[in-house]
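One structure is given here, and the rest of the page talks about it.
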Amino acid sequence: MVNQERIVQEFLELVHIDSAPGRERQLADALKQKLVALGLEVLEDNAGAAIGGDTGNIIARLPGQLKHVPTVAFAAHMDRVTPGLGIKPHIKDGVIYSDGTTILAADDVAGIVQMLEAVRILAEQHIPHGDIELLFTISEEAGLQGAKNLDRSLLKADAAYFLDGGGNVGTIIPQAPAQKKITVNVNGVPAHAGIEPEKGISAIVVAADAITHMKLGRIDEETTCNIGTIKGGQATNIVPAQVTLQCEVRSRNEAKLDAQVNHMVSEFQAAAQRFGVTVDIKVEESYPAMNLSENDLAVQMAIEATKSLGLTPVIVPTGGGSDANILVGKGLPSVILGIGMEKVHSTEEFIPIQQLVAGAQLVVAIVQQAAK
């Protein structure tokens, strides 16, 4: 059913349009024009203004002929990571690549064109369906800011599918961890490092002592943590008076998440006490966990739709966070779908055309499952 030439050409067209977190205006305008031409109702929210961006999230609605069936939403993000400007895509042996100097932006242009192609197929094939919503978010790559500032009441969906996952089409991701960030400022005592170092207390040494007492990395199958950045000191001849650490903890289990956060906070506090200095610690929630079961409607429809295409569903959790986490936290059951992109966030990123096509087929199949 998919028009392969059309979806490929649209992919090439959209990756040529520069986009970045907070600077999605050109791509948003191109999408709005396409959506209106396809007969969808289109609105733009005020999320952009809330984060200082140049566009808001785009929400489009396609009313269905069928009533009393679940409303389904499909989502992708409009921004991309760096280096993502001036993309020059090319095709070789059925695979789309960039020229190697930039990313390809299959993350997440692939999801965008799969959604658009599915809408065209529904119209061309006269496939009956219920109400459908399309969501195009901003600043996903900059802390999920578009989703965080989305008014949940603007979406009427009973289930949402985020076309933003790794793995081949048929990969279904219903579980993802919550994340908390920990910012630590260790306050040491400065002194001349060559003349009277004994009068100083190195904030870096205090931080190092705390870290050596911590469990870090992979804690268990659900939980990870990391010390991401350490910044401090002024010069080699000054005992450093301050050091700032940025840390994160992720877990699909809220109790384990809190336990690991408390463990790390306690070790920083204990190290400060041992050295007789103070420590300032701030803990922030980045996003909630996503824990749908195979029995949830959103997951069941994805499984049956995948099977209807002759594919074997692969149900896996992820260790990353996405817009889906935010929407789950706002009460919308959401699933991440693998869309066939590979080596994302690198200049080696690529996507096979066959996967681009299969993703559009899966969107149509989910719509058909919802209509049953």
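The helix-based estimate of mean residue ellipticity at 222 nm for the chain, built from -39,500 (n - 2.57) per DSSP H run of four or more residues and divided by its residue count, is -10000 deg cm²/dmol to the nearest 500.
Peptides 30-43, 349-362, ordered by how many other C-beta atoms sit within 10 Å of their residues on average, highest first, read 349-362, 30-43. Residues Asp323, Asp93, Asp131 in ascending order of nearby Cβ atoms (within 10 Å, fewest first): Asp93, Asp131, Asp323. Here the translational diffusion coefficient of segment 59-207 follows from Stokes-Einstein with Rh set to the Kirkwood radius across Cα pairs; for 20 °C and 1.002 mPa s it amounts to 109 µm²/s. Modelled spin labels at Glu196 and Asn291, positioned 7 Å past Cα toward Cβ, are 5.5 nm from each other.
Take every pair of alpha-carbon atoms less than 8 Å apart whose residues are at least six positions apart; their mean separation over the length of segment 200-246 yields a relative contact order of 43 percent. With all projection directions averaged, the alpha carbon convex hull of segment 178-287 covers 6.5 nm². Put in order of Cβ neighbour count within 10 Å, fewest first, the listed residues Arg80, Arg152 become Arg152, Arg80. Below 12 angstrom from the Cβ of Glu222, what's the summed charge of the other residues (Lys, Arg +1; Asp, Glu -1)? Charge balance near Glu222 sits at +1.
Based only on other Cβ atoms within 10 Å, what is the fewest-to-most ordering of Asp107, Asp45? Before the final figure, lay out each step's value.
On the way: Asp107 27, Asp45 20.
Neighbour counts put them in this order, fewest first: Asp45, Asp107.
Placing unit charges on the Cβ atoms of the charged side chains and taking the dipole of the chain about its Cα centre, the candidate lying farthest along the positive direction among Ala49, Ala305, Ile182 is Ile182. Short-range pairs are left out: with C-alpha atoms under 8 Å and at least six residues apart, the relative contact order of segment 178-287 is 42 percent.
Defining a contact as two alpha carbons under 8 Å apart and six or more residues distant in sequence, what relative contact order in percent does the chain show? Intermediate results must be reported in sequence, preceding the final value.
Working: 911 pairs, mean separation 89.0, N = 372.
Answer for the chain is 24 percent.
Per residue, the Cα convex hull of the chain amounts to 147 Å³.
Here the chain carries DSSP beta bridges of which approximately 75% are antiparallel, counting only pairs with both residues inside.
Long hydrophobic helices in the chain, taken as whole DSSP H segments with a C-alpha length of 24 Å or more on their own axis and mean Kyte-Doolittle hydropathy at least 1.0: 353-370.
Looking at the square roots a ≥ b ≥ c of the eigenvalues of the Cα gyration tensor of segment 1-131, which shape do they give, rounded for a/c under 1.5, prolate if a/b is larger than b/c, or oblate? Cα axes put segment 1-131 in the oblate bin. Counting only DSSP beta bridges with both residues in segment 178-287, the antiparallel share comes to about 100 percent. Largest GNM mean-square fluctuation across Thr278, Thr71, Thr224, computed for the chain with C-alpha springs under 10 Å, falls on Thr278.
Which of Ile281, Ile219, Ile195 ends up with the largest GNM mean-square fluctuation for the chain, with Cα atoms connected below 10 Å? Result for the chain, Cα springs under 10 Å: Ile195 fluctuates most.
Rule-based calculations on the coordinates, nothing more; no lab input. Since this is a predicted model, take the numbers as computed values, not measurements. Positions of Cβ are backbone-derived with ideal geometry, glycine not excepted, and every protein chain shown enters the neighbour counts.
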